[in-house]
1. I need to check one value: relative contact order of the chain, counting alpha carbon pairs closer than 8 Å and at least 6 residues apart, in percent.
2. Starting from the eigenvalues of the Cα gyration tensor, five times each then square-rooted, give me the equivalent ellipsoid semi-axes of the range 20-130, largest first, whole Å.
3. Rounded to whole Å and sorted largest first, list the principal axis extents of the Cα atoms in the range 109-197.
4. Over the Cα atoms of the range 1-80, what Rg and Dmax result, in angstrom?
5. Just from its helices, what would the mean residue ellipticity at 222 nm be for the chain, if runs of 4 or more DSSP H residues each count -39500 (n - 2.57) and the sum is divided by every residue, rounded to the nearest 500 deg cm²/dmol?
6. Tell me the Rg and the Dmax, in Å, that the Cα atoms of the range 31-76 produce.
7. If contacts are Cα pairs under 8 angstrom and at least 6 residues apart, what is the relative contact order of the range 1-136 in percent?
8. With all pairs of different alpha carbon atoms counted, what Kirkwood hydrodynamic radius in Å does the range 147-209 show?
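Since every read-out is calculated from the coordinates, none of them should be taken as a lab result. All values derive from a computational prediction rather than experimental measurement.
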Ligand SMILES: C[S@@+](CC[C@H](N)C(=O)[O-])C[C@H]1O[C@@H](n2cnc3c(N)ncnc32)[C@H](O)[C@@H]1O
């Protein structure tokens, strides 16, 4: 694990308690809806097997459980505190929660029908390696579905950048008592790749049929693709 990954890991271990509240505030309550869309786009068969990486407090894995009651669902993360929070949620007992670093998954080749993740890529030190791992653990025909932030453009970029500079550290200080963690969130959001750049890497590692739909004035995006 690089020092950047260790910093991210310790930050998520610190903000666990306030994570769901701040996430819901920042997305004006839309996060839950996006998790449902991610689950739906995973397009799992009745007894399919789904891996949600960077599951955090488990919102995507739990949305997948509600949509696919008979599926085999795994939620993995490298923050033990986030996993502990996920394990406490209603419905959590029907999901396998495991520690995993997205750069090096412990699963065998071609073991999942779908891989999902929310807000993973902008936090990792090696985006291509992480996507290659997902390609490796997917069965042929399996789907990957990605929820990410997307850097705003034009006038919106100026407005949001100014707004986030004030609002995020303030929310961090008031709710998480951790101004630094939420300052990082602003920098990682505004500085992350565009969906087209992410799509290029997804295609380079082998995914096909890569498409996306932007959300919330283009600040968030859901992307999907398939292993041939
Ligand atoms: C912003 S949270 C997102 C949680 C959840 N997916 C959601 O949509 O609410 C990002 C999560 O990614 C995890 N994460 C970041 N880098 C990771 C890595 N290299 N391996 C595994 N998990 C990672 C963090 O621990 C954190 O729980």
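1. Across the chain, relative contact order equals 19 percent.
2. Working through the eigenvalues yields semi-axes of 19, 18, 14 Å.
3. 45, 32, 19
4. Spelled out, the Cα radius of gyration and Dmax of the range 1-80 are 14.0, 41 Å.
5. Counting only the DSSP helices, I get -14500 deg cm²/dmol.
6. Expressed in Å, the Cα Rg and Dmax of the range 31-76 come to 9.3, 26.
7. Across the range 1-136, relative contact order equals 27 percent.
8. 13.1
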